[in-house]
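Right, one structure below, let's go through it.
The values are calculated or read from the model by the stated rules, or taken from the named source; none is laboratory data. What you see is a predicted model, and the numbers here were worked out from it, not measured in a lab. Positions of Cβ are backbone-derived with ideal geometry, glycine not excepted, and every protein chain shown enters the neighbour counts. Ligands, DNA and RNA are stripped out before the accessible areas are found, and what is left, the full protein with its side chains, is counted by its heavy atoms. Shrake-Rupley method; radii C 1.70, N 1.55, O 1.52, S 1.80 Å.
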Amino acid sequence: MTTSSTDSPGAYLRRLPAGTRLPLPADAVTGWPTFPFEGELRVKPLQEPVLPEPPRKGEDGPADCPVCQAPVTDALWADEHWRVDPIGTQGGLPAAVMLQPRAHHDLPDLPAERCAELGPMIQRVQAALHTLDGVARVHLNRWGDGAAHLHFWFLARPAGLLQLRGTFLPLWEELLPRVPAEERQAAHRRIAEALAAGGGTAYAS
Ligand SMILES: [Zn+2]
């Protein structure tokens, strides 16, 4: 397998003005109706590249991976190969959950069988979040900069809140009032039951 180098700066990095503050273009994202902030803003100075990058959580394998070390009973739902966990211990959206394989894989080394299951699993998790009241859309994100164990974010966007559409939903999630614990637990139970209706075990209590 051919892989490109990520240990030394290439043409892209050498071209960037590291250490300087980038200008804020007049038509920048700050003008989008969905941008959560207003007032005088400026862009942070662009930091120098760090190469090679530091390891992510769980980069060295299951022994130091928080997902592999978390008991399956911490999940809302799981089957033999996949688990769905709540994100954080509080939140401002109707639901925010994470889909992860049970075994320690990232996308490049995810076995073919799991890859084939991924499409149907994404559809199942999305459908489970849509069983909650007032969910207009379920957004799916995959970044993978913090943890080496493959994880997909599912964020439920409340119906009617057009300002929360799209890219900035994860930022709005941090700003919205916290959902009361009872309501959050009820949502978790409903998601777990919806998933378990298609197989696997619901653990949300
Ligand atoms: Zn892991």
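Taking every Cα-Cα distance in the stretch 62-202 and sorting them into 10 Å bins starting at zero, the pair-distance distribution P(r) comes out as 11, 44, 35, 9, 0 percent.
Applying a 4.7 Å Cβ-Cβ cutoff to the chain leaves 115 as cysteine residues with no disulfide-compatible partner. Averaged over residues, the count of other Cβ atoms within 10 Å places the peptides 125-133, 52-60, 94-102 in the sequence 94-102, 125-133, 52-60, highest first. In the chain, the portion of solvent-accessible area held by carbon and sulfur atoms comes to 55 percent [1.4 Å probe, whole percent, DNA, RNA and ligands not counted]. Computed over all pairs of different Cα atoms, the Kirkwood value for the hydrodynamic radius of the stretch 1-117 is 19.0 Å. Highest average first, the peptides 146-156, 29-39, 169-179 ordered by how many other beta carbon atoms sit within 10 Å of their residues are 146-156, 169-179, 29-39. By the scheme Lys and Arg +1, Asp and Glu -1, what is the net charge of all other residues having a beta-carbon under 10 Å from that of residue 78? Once all neighbours under 10 Å are counted, the net charge is -2.
Ranked by the mean number of other Cβ atoms within 10 Å of their residues, highest first, the peptides 106-116, 134-144 fall in the order 134-144, 106-116.
Accessible area per residue for the chain is 62 Å², calculated with a 1.4 Å probe on protein heavy atoms, without ligands, DNA or RNA.
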